[in-house]
Amino acid sequence: MTTEIRVPQLPESIADATLVAWHKQPGDAIARDENLADLETDKVVLEVPAPANGVVRELRVPSGTVVTSGQVLALIEEGAAAAAAPRPAKPAPAAKPAPAAKPAPAAKAPPAADSDGGKDAGKLSPSVRRLVEENHLDPSAIPASGRDGRLTKSDVVGFLGKQPAQAPPGSAGAAPSAAAALAPAARAPAPRPPAAAGARAEQRVPMTRLRARIAQRLVEAQSTQALLTTFNEVDLGATQELRARYKERFEKEHGVKLGFMSFFVKASIEALKKFPVVNASVDGGDIIYHEYYDIGVAVSTDRGLVVPIVRDADAKSFAVIEQQVADYARKAREGSLALEDLTGGTFTITNGGVFGSLMSTPIVNAPQSAILGMHKIQERPMVVGGQIAARPMMYLAVTYDHRIIDGREAVQFLVAIKEALEDPGRMLLGI
């Protein structure tokens, strides 16, 4: 039975997607739930799984095509088996040649470079390795943006999307076959000659869909909202002490490390309850007050910044929040975040401190009305009880939409976060 493989239903906020890579070609066997193609949207890379075991019969669209919900991508024949390649006939043994003088040993060839161009092949994740092997790529030709120079799935997907269509082998005047036209253009480009000394080289690279969408949303936020930032500083000594006291027991009990993000999420929720307008949003001439707390946690990835959502965070424990944030960070690195993970949110927290930032003015993630910026913890001399002492200090920043949030409310909101973090026992006791 022939089955059509269609583009999954995309959310209303996403009009289309780009097919960036095929993982199978006509005649290839495919198993149920095996990934057939990758679709890049404005937010994530989606996989298109096979609905059943079978054989790919036809690919309807080439790589690089913009597709919409429900569009037919390919046809598979359920239950069919892939045709086995003909086994070449075993050649007859050649006549034994007469003995000849033994030639001088040739100089030993230098060892071939690793196929990943210095990247340990063992460091490739399974999904990246599969993508590289299926498309016959040379990992050394793909710019790596992961930690320690590792390739990520988004690196490979982005590389595939930038490759020009390849002509099939054959005579120069032959028209390309349909299968060849639909095959992913995935051959490594010829190495460029080294630039001459003093050369002023330039390279034009198209934005990915995610980067273009980030750019659009940031510009829209600044052009449609009256953004203003207020600052404060927090002494994290009490939070650090509580964390150091219980972190080993916490990890043993819950299987996840006790970080700072859960403290900041809980402190933000306490402040949002006191100042509900900070948790609100603007819709035309109306203000929508959200009576739930879906907290976005900004995560930096190779493809750009994404903001997965911790839903109903007020009802979740420190352990559940830490586990969910850790899962989101892992998924973001692997490129496996789902659209549902990134949809919604009433307030966002971003942490530039992991990159060493001491102070910044974050931009609101519209249609939300405020965002909290965390920064680097740094010991600074502070006056405590009339004495100068070195204290672990962090600058905090809240950027807010001044159309609905007054300066008084924004300042008091940030002070409420500061007070909760400087006395974290209050959050645990609910006072």
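The values are calculated or read from the model by the stated rules, or taken from the named source; none is laboratory data. For clarity, every value in this text was computed on a predicted model and none was experimentally measured. Heads up, the Cβs are rebuilt from the backbone with ideal geometry, glycines too, and the neighbour counts pull from every protein chain shown. Note: accessible area is taken over every heavy atom of the protein model, side chains too, but ligands, DNA and RNA are not part of it. Shrake-Rupley method; radii C 1.70, N 1.55, O 1.52, S 1.80 Å.
In this structure, is residue 32 over 30 Å from residue 215 (Cα atoms) and loosely packed, with under 14 Cβ neighbours inside 10 Å? Can you show your working first?
Working: over 30 Å from residue 215 (Cα atoms): yes; loosely packed, with under 14 Cβ neighbours inside 10 Å: yes.
Spelling it out, residue 32 is indeed over 30 Å from residue 215 (Cα atoms) and loosely packed, with under 14 Cβ neighbours inside 10 Å.
Taking strands (runs of 3 or more DSSP E) that do not extend beyond segment 344-392, which have at least 2 residues that are surrounded by 15 or more Cβ atoms within 10 Å (Cβ to Cβ) and in contact with a strand residue (DSSP E or B) (Cβ under 6 Å, 6 or more places away or on another chain)?
Per the criteria, 347-351, 370-374.
Which of the residues belonging to segment 323-343 are touching a Leu at 6+ places or on another chain (Cβ under 9 Å), among the hydrophobic types (A, V, I, L, M, F, W, C) and open to solvent by 20 Å² or more (accessible area, probe 1.4 Å)? Break it down into steps so the answer makes sense when it comes.
From segment 323-343, those touching a Leu at 6+ places or on another chain (Cβ under 9 Å) are 328, 331, 338-339; that's our starting set.
Then drop every residue that is not among the hydrophobic types (A, V, I, L, M, F, W, C), which leaves 338-339.
Matches in segment 323-343: 338 only.
Cβ-Cβ below 7 Å, separation at least six or inter-chain, first residue in segment 340-367 and over 23 Å from residue 401 (Cα atoms), second in a helix (DSSP H, G or I) and open to solvent by less than 50 Å² (accessible area, probe 1.4 Å): which pairs?
These pairs meet every condition: 341/328.
Need a quick list: strands (runs of 3 or more DSSP E) entirely within segment 282-342 having at least 2 residues that are among the polar types (S, T, N, Q). Don't jump to the end; show me each part of the working.
Details: elements: 286-288, 295-297, 299-301, 304-306.
Hits in segment 282-342: 299-301.
Restrict the check to segment 277-295 and report whether at least one residue is under 25 Å from residue 46 (Cα atoms), at pLDDT below 95 and not polar (S, T, N, Q).
no
Considering segment 119-170 alone, what residues qualify as being modelled with pLDDT of 75 or more, crowded, with 19+ Cβ neighbours inside 10 Å and not in a helix (DSSP H, G or I)?
Across segment 119-170, the qualifying residues are 135, 137, 142, 144, 151, 152.
Can you find, within segment 214-247, the residue that is nearest to residue 400 (Cα to Cα) among those that are open to solvent by 60 Å² or more (accessible area, probe 1.4 Å) and in contact (Cβ under 8 Å) with a residue 24 or more places away in the chain?
Pass one, segment 214-247, residues open to solvent by 60 Å² or more (accessible area, probe 1.4 Å): 216-220, 222-224, 228, 231, 240-241, 243-247.
Cutting the leftovers down to in contact (Cβ under 8 Å) with a residue 24 or more places away in the chain gives us 217-218, 220, 222, 224, 228, 231, 240.
Working: 217: 16, 218: 14, 220: 15, 222: 11, 224: 12, 228: 6, 231: 11, 240: 28 Å.
Across segment 214-247, the extreme among qualifying residues is 228.
Do we find that residue 303 is open to solvent by 30 Å² or more (accessible area, probe 1.4 Å) and either farther than 28 Å from residue 157 by Cα or without any contact (Cβ under 8 Å) to a residue 60 or more places away in the chain (or both) in this structure? Talk me through it step by step, then tell me what you get.
Numbers: open to solvent by 30 Å² or more (accessible area, probe 1.4 Å): yes; either farther than 28 Å from residue 157 by Cα or without any contact (Cβ under 8 Å) to a residue 60 or more places away in the chain (or both): no.
Criteria not met by residue 303.
Of the numbered conditions (1) modelled with pLDDT under 95; (2) touching a Gly at 6+ places or on another chain (Cβ under 7 Å), residue 375 fails exactly one; give the number of that condition.
(1)
Do we find that residue 12 is under 37 Å from the mean Cα position of the chain (by Cα), of a type in the set (Asp, Glu), at pLDDT 85 or above and on the phi < 0 side of the Ramachandran plot in this structure?
Against the criterion (under 37 Å from the mean Cα position of the chain (by Cα), of a type in the set (Asp, Glu), at pLDDT 85 or above and on the phi < 0 side of the Ramachandran plot), residue 12 does not qualify.
Which of (1) over 30 Å from residue 154 (Cβ atoms); (2) among the small types (Gly, Ala, Ser); (3) exposed (fewer than 15 other Cβ atoms within 10 Å of the Cβ) is the odd one out, the single condition residue 416 does not satisfy?
Single failed check for residue 416: (3).
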